Amino acid sequence: MTATLPALPGLAQVVEREYASWGRRLVAALLDSAVLGAVAWFVGGERFAAPTLQPMFEAGVGATDPGLEPWSSSAVLVGAWLLMLVLQGLTGQTPGRRVMGIAVVRTADGRGPADGPPGVLRSVARWFAHLLDAILLVGYLRPLWHRERRTFADSLLATAVVRRPTDRGTGSATRRGALAVTAGAYVLVTVGIAAGVSVGSSGGMSRDAEAACVLEPQDPAAPVRVDGILLARETEWHRTHRLWPWAGDERREERTFLALDVSWQGGGTGDPEDTLLVRTTTSGGGTVDHEVPLSDGWAPVRVERAPDGAVDVAVVLDGRALTSCSATLGPVA
């Protein structure tokens, strides 16, 4: 005789819910970051910082590198970031989580069904709550020891990250749909790894044009004699290397500026505090003083904001004018 025991309340939920490991969550986060990094690279090359679903205080809506523009200044990047959060809110999964077979779900909080998608508003709020996790990274590491493997954001927003293998469904149409979604996620993360992850970088500087600065007569009794001043136009370039096979020089970032090569003789006492003052005046940047070590005998001076290529230069030692000159470079060809 066979007896069938009644199912205990909540037993199915306990058995079915398998919390995602910290390692799976980490890999999924890296894959999602790669996807967003690819979008940033396609939009602006090395111009923008990439959005992230795991914000830090210094990179929450901006860039850690002062040479990058914050992703929040690009409507396309804000849209990509918001799309990922909407996708997470409606389905519980992002491309990275789909590939890793995990999902963000709502837990029992009395305001909605447990184990369902968190919803868009909760998903967005969870992103901001991750800033609490960013404090010394403690919250992001919390799943390593927490019983339900939650971050502080999960606990605050009543969410959890669970294993959610691809739903095979009971019908062929459902299975085909699930496989198509999974295949699409794999395509996105593959593109993300190829285009959104840097595998190296290169850079350099080239000098495009030069013009000698004709010096005014100098006092032969002065302790320092300026030998020459050369105005040059230089182009500084930088490029990160990607696995993306069509990444060409059009993704190379360039910055053109004017520079002075100043050389002199005499006055060197060996004291590192002895300096020579090189004063530059341009129509776009006003007057700027550059202090260079006197003992070096030569110094490069970068000139900012000189749109017309004209620079007036004065060399001063201890308040005493040694010489001056003016130089002009023609427009970039």
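The values are calculated or read from the model by the stated rules, or taken from the named source; none is laboratory data. Everything numeric here is computed off the predicted structure, so don't read it as measured data. Note: ideal-geometry Cβ built from the backbone for every residue, glycine included; neighbour counts use all protein chains shown. Ligands, DNA and RNA are excluded from the accessible area calculation, which covers all protein heavy atoms including side chains. Shrake-Rupley method; radii C 1.70, N 1.55, O 1.52, S 1.80 Å.
Annotation note: Cβ proximity below 7 Å between a residue of segment 292-310 that is under 18 Å from A327 (Cβ atoms) and a residue that is exposed (fewer than 12 other Cβ atoms within 10 Å of the Cβ) (sequence gap 6+ or interchain) occurs for R305/G284; A306/G284; P307/G284; G309/G330; G309/P331. From the set of residues in segment 76-108 that are of a type in the set (V, I, T) and crowded, with 16+ Cβ neighbours inside 10 Å, which is farthest from A20 (Cα to Cα)? Among those residues, the one meeting the criterion is T91.
In the condition set (1) open to solvent by 60 Å² or more (accessible area, probe 1.4 Å); (2) modelled with pLDDT of 90 or more; (3) not β-branched (V, I, T), P165 is compliant with all but (2). Does T281 satisfy the criteria of being hydroxyl-bearing (S, T, Y), open to solvent by less than 30 Å² (accessible area, probe 1.4 Å) and part of a strand (DSSP E or B)? Considered against the rule, which asks whether it is hydroxyl-bearing (S, T, Y), open to solvent by less than 30 Å² (accessible area, probe 1.4 Å) and part of a strand (DSSP E or B), T281 comes out as no. Of the helices (runs of 4 or more DSSP H) lying entirely inside segment 79-144, the ones with 3 or more residues being closer than 17 Å to A185 by Cα and of a type outside the set (G, A, S) are found at 95-100.
Give segment 294-308 a look and list any residue that's open to solvent by 50 Å² or more (accessible area, probe 1.4 Å), of a type outside the set (F, W, Y) and either at pLDDT 90 or above or assigned to a loop (DSSP other than H, G, I, E, B) (or both), or say none. Result: P300, R302, E304, R305, P307, D308.
You will find that of A321, A259, A221, the residue that is among the hydrophobic types (A, V, I, L, M, F, W, C) and within 21 Å of D208 (Cβ to Cβ) is A259 and no other. Tell me, yes or no, whether segment 215-236 has at least one residue that is of a type in the set (G, A, S) and more than 26 Å from D308 (Cα to Cα). Scanning segment 215-236 turns up at least one residue that is of a type in the set (G, A, S) and more than 26 Å from D308 (Cα to Cα). Checked against (1) without any contact (Cβ under 8 Å) to a residue 12 or more places away in the chain; (2) more than 30 Å from A40 (Cα to Cα); (3) surrounded by 13 or more Cβ atoms within 10 Å (Cβ to Cβ), A173 meets all criteria but (3).
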